[in-house]
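Shown next, in structure tokens, is the structure this report addresses.
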Amino acid sequence: MAFVPTEEEAIPRDPAEGFAAVLALRQLADRLEASQVERAVREGWSYSEIAAALGVSRQAVHKKHAKRLRALGLKTGRGGNVRAVQP
Amino acid sequence: MFERFSREAKQVVLIALGAAQRLGAEQVEPEHLLLALADGGTPAARAIAEAGIDREAITATIEADLVAMLEVVGVPASIVEATPAAPRADRPDFGVHAKRALEQAMREAVRRGHRRLGPEHVLLGTLHAPSPTLARVLARLDIEPARLAALVDVEVAAAARG
């Protein structure tokens, strides 16, 4: 079974530890974004669709990820892949 | 700011930029400077080797620290491992801590009456007042910043003797 911390365990009491966790979470968010953009492109998502899902401009996604995706030999799709996440 | 930097010191700054970029970092941080300083056979690199660490150990420890800090807020290590760093496309900026380290490097050179700023000064500047992250990384590597700084001066003196 997955480890699920209680609220008590998951909220640092020491601000130094709390801020370190904030920085770490930002890094994890960046990594998760990179891996999900890569997956989306492999599944045929367009930059516009990815941008819409992330709530940023198409240019912002392009600037941040295009070079890496090209280096991986990936091309973005024409779109038509967006679907709502089922709650 | 870089006009007094030696060729090797400029190289260190460029390698640190590359390391930050490769690790997908938002900014260049002191730990990237440390990584860059570990290579190249300079007195700074020899001091780092003398302290018992190398590039691989530093890289692994930066990652271990990230995993540990995420565990603090309940993110399991398996999630972090399944989400490896992706290189970023654009050039990261220098973060405040890395900027401060380079400014301190200049002071370390001036204080020693050295005209050129070399990698040894960059290492001393980085160790002077370590950022919280670098302090934790060094502690995990079992390295006392002051002890490593002392090793730098030993290596510089040895290099001067030839």
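Just so you know, all these numbers are worked out from the coordinates, no wet-lab data involved. Note that the structure is a prediction, hence the values are computed from the model and not measured. Note that each Cβ is placed from the backbone with ideal geometry, even for glycine, and that neighbours are counted across all protein chains shown.
Put a plus charge on the Cβ of each Lys and Arg, a minus charge on the Cβ of each Asp and Glu, and nothing anywhere else: the dipole of the protein assembly as shown about its Cα centre is then about 1380 debye.
Note on B:Arg4 and B:Lys99: the extension gain reaches 32.7 nm, defined as 0.36 nm multiplied by sequence separation minus the Cα-Cα distance.
Is there a quick way to get the dipole size of region A:16-71? I mean about its Cα centre, with the Cβ of Lys and Arg at +1 and of Asp and Glu at -1; what is the value in debye to the nearest 20?
Charge dipole, region A:16-71, about its Cα centre: 320 debye, nearest 20.
The helix-based estimate of mean residue ellipticity at 222 nm for chain B, built from -39,500 (n - 2.57) per DSSP H run of four or more residues and divided by its residue count, is -20500 deg cm²/dmol to the nearest 500. Membrane-span-like helices in chain B, defined purely by DSSP H runs whose alpha carbon atoms cover 18 Å or more axially and whose average Kyte-Doolittle hydropathy reaches 0.0, are B:7-22, B:55-72, B:145-161. For region B:69-162, the relative contact order works out to 20 percent when only alpha carbon pairs closer than 8 Å and six or more residues apart are counted. What percent do you get for the relative contact order of region B:1-85 when only Cα pairs under 8 Å and 6+ apart count? Relative contact order of region B:1-85: 20 percent. Packing here is the average count of other Cβ atoms within 10 Å per residue, and on that basis the peptides A:33-45, A:11-23, highest first, run A:33-45, A:11-23. Toward the positive end of the charge dipole of region A:34-78, with +1 on the Cβ of Lys and Arg and -1 on the Cβ of Asp and Glu, the farthest Cα among A:Gln36, A:Ala53, A:Leu74 is that of A:Leu74.
The label point for B:Gln11 and the one for A:Ala71, both projected 7 Å from the Cα toward the Cβ, are 2.2 nm apart. Around the Cα centre of region B:1-108, unit charges on the Cβ atoms of Lys, Arg, Asp and Glu (plus for the first two, minus for the last two) sum to a dipole of about 460 debye. The spacing between region A:45-64 and region B:7-31, judged by their C-alpha centroids, is 27 Å. GNM on chain B, alpha-carbon springs under 10 angstrom: the most fluctuating residue among B:Pro30, B:Pro130, B:Pro76 is B:Pro76.
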